[in-house]
1. Taking neighbour counts of Cβ atoms within 10 Å as a proxy for exposure, in what order, fewest first, do Thr91, Thr232, Thr162 appear?
2. Quick one: putting +1 on the C-beta of Lys and Arg, -1 on the C-beta of Asp and Glu, what dipole do you get for the chain around its Cα centre, in Debye to the nearest 20?
3. Specify the residue with the greatest mean-square fluctuation among Leu83, Leu107, Leu49, computed from a Gaussian network of the chain linking alpha-carbon atoms under 10 Å apart.
4. Using +1 at the C-beta of Lys and Arg and -1 at the C-beta of Asp and Glu, which of Leu49, Ile150, Gly188 has the Cα lying farthest in the positive direction of the dipole of the chain?
5. Counting only C-alpha contacts under 8 Å and six or more residues apart, can you give the relative contact order of the chain as a whole percent?
6. Taking the inverse of the average 1/r across all pairs of different Cα atoms in the range 118-245, what Kirkwood radius in Å do you get?
7. Hey, could you grab the Kirkwood Rh for the range 82-164? Inverse mean 1/r over distinct alpha carbon pairs, Å, one decimal.
8. How about the range 153-245: which trypsin sites (Lys or Arg not before Pro) there are in a DSSP loop, with at most 14 other Cβ atoms within 10 Å of their Cβ?
Amino acid sequence: MRLEDKVVFLTGAASGMGESHARRVIAEGGYLLMTDIAWDAGEQLAAELGERACFARHDISSESQWAQATELACERFGGIDVLVNNAGILTRGDIQSETVETMRKVLDINVVGTWLGIRAVSPVMIKRGGGSIINISSQVAYRGWPNYSIYGASKWAIRGLTKHMAMELAPHNVRVNAILPGAVDETGLFSGRLGPDLMAQVKESIPLKRFVTKDQVSSLVVYLASDESAATTGTDNLVDGGVSI
Ligand SMILES: NC(=O)c1ccc[n+]([C@@H]2O[C@H](COP(=O)([O-])OP(=O)(O)OC[C@H]3O[C@@H](n4cnc5c(N)ncnc54)[C@H](O)[C@@H]3O)[C@@H](O)[C@H]2O)c1
């Protein structure tokens, strides 16, 4: 019960790693507002998780939808202790094959969406005397990679935003940390986009020779959400099988 009675706002909760984080928050005794644009899967999961979970349809690139979802969390659970900015989209391709429309769309969801979340939720945390914000970045924000000019730029921006917001919110006891997962092969975002040949190549390049699991990323989420990490802010938390070495 490492999150006993903590209220967690989790985006991108309907599938992939978000689903895993949602299950762990409930298992650790928390209350959960889970949001996603995929409302069918989200509502189904919330029903399965029971009355401590509540689902709202929410596009993270919309400022008004952030306001509505924040209000819902406050009405239903009385405030917010933890925000997990997990929702994100991936694109992969060399710079000439990518388009400016894709660049703008990815920045709008991954970067503006994360920024809007911190803007909407941090006043609630400040009023409550503190909180923990967890931004999901990526191993592509630790070094350079070919074919990730757009996704990589968005994840470096999230990593940078984390440090700036950690400084800005530290006087209010709001901690802001980033998680940089390596390749997680059980999610649509990754295995759904790369073919089996590329998946095998990626696995071979990982020092531990295995993909990261969703549950291993959820363990970091629980740690950073809990009071066990009370002295930790502004950090990059790698869970990448050693790729960053
Ligand atoms: N899978 C990996 O290997 C990997 C590695 C590093 C980082 N990440 C990051 O982890 C996070 C979760 O990724 P995943 O692999 O579980 O992906 P996923 O595609 O399985 O899940 C992402 C979820 O976000 C939702 N979503 C997409 N756009 C949205 C929007 N505009 N508003 C609200 N919700 C939206 C989707 O509906 C989906 O449920 C992402 O930020 C991703 O960039 C993934």
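All of the numbers you see were taken from the coordinates with simple rules; none came from a lab. Just so it is clear, the structure is predicted and the values come from calculations on it, not from any experiment. With ideal geometry, Cβ positions are generated from the backbone for all residues, glycine too; neighbour counts draw on all protein chains shown.
1. Working: Thr91 18, Thr232 14, Thr162 25.
Least to most surrounded, the residues fall as Thr232, Thr91, Thr162.
2. Working: 23 positive and 28 negative charges, 110 e Å.
The dipole magnitude comes to about 520 debye.
3. Largest GNM mean-square fluctuation: Leu49.
4. Farthest towards the positive pole: Ile150.
5. Numbers: 482 pairs, mean separation 47.2, N = 245.
So the answer I get is 19 percent.
6. On the way: mean 1/r = 0.0642 Å⁻¹.
That comes to 15.6 Å for the range 118-245.
7. Values: mean 1/r = 0.0743 Å⁻¹.
By the Kirkwood definition, the hydrodynamic radius is 13.5 Å.
8. Working: sites: Lys155, Arg159, Lys163, Arg175, Arg193, Lys203, Lys209, Arg210, Lys214; in loops: Arg193, Lys209, Arg210.
Filter output for the range 153-245: Arg193, Lys209, Arg210.
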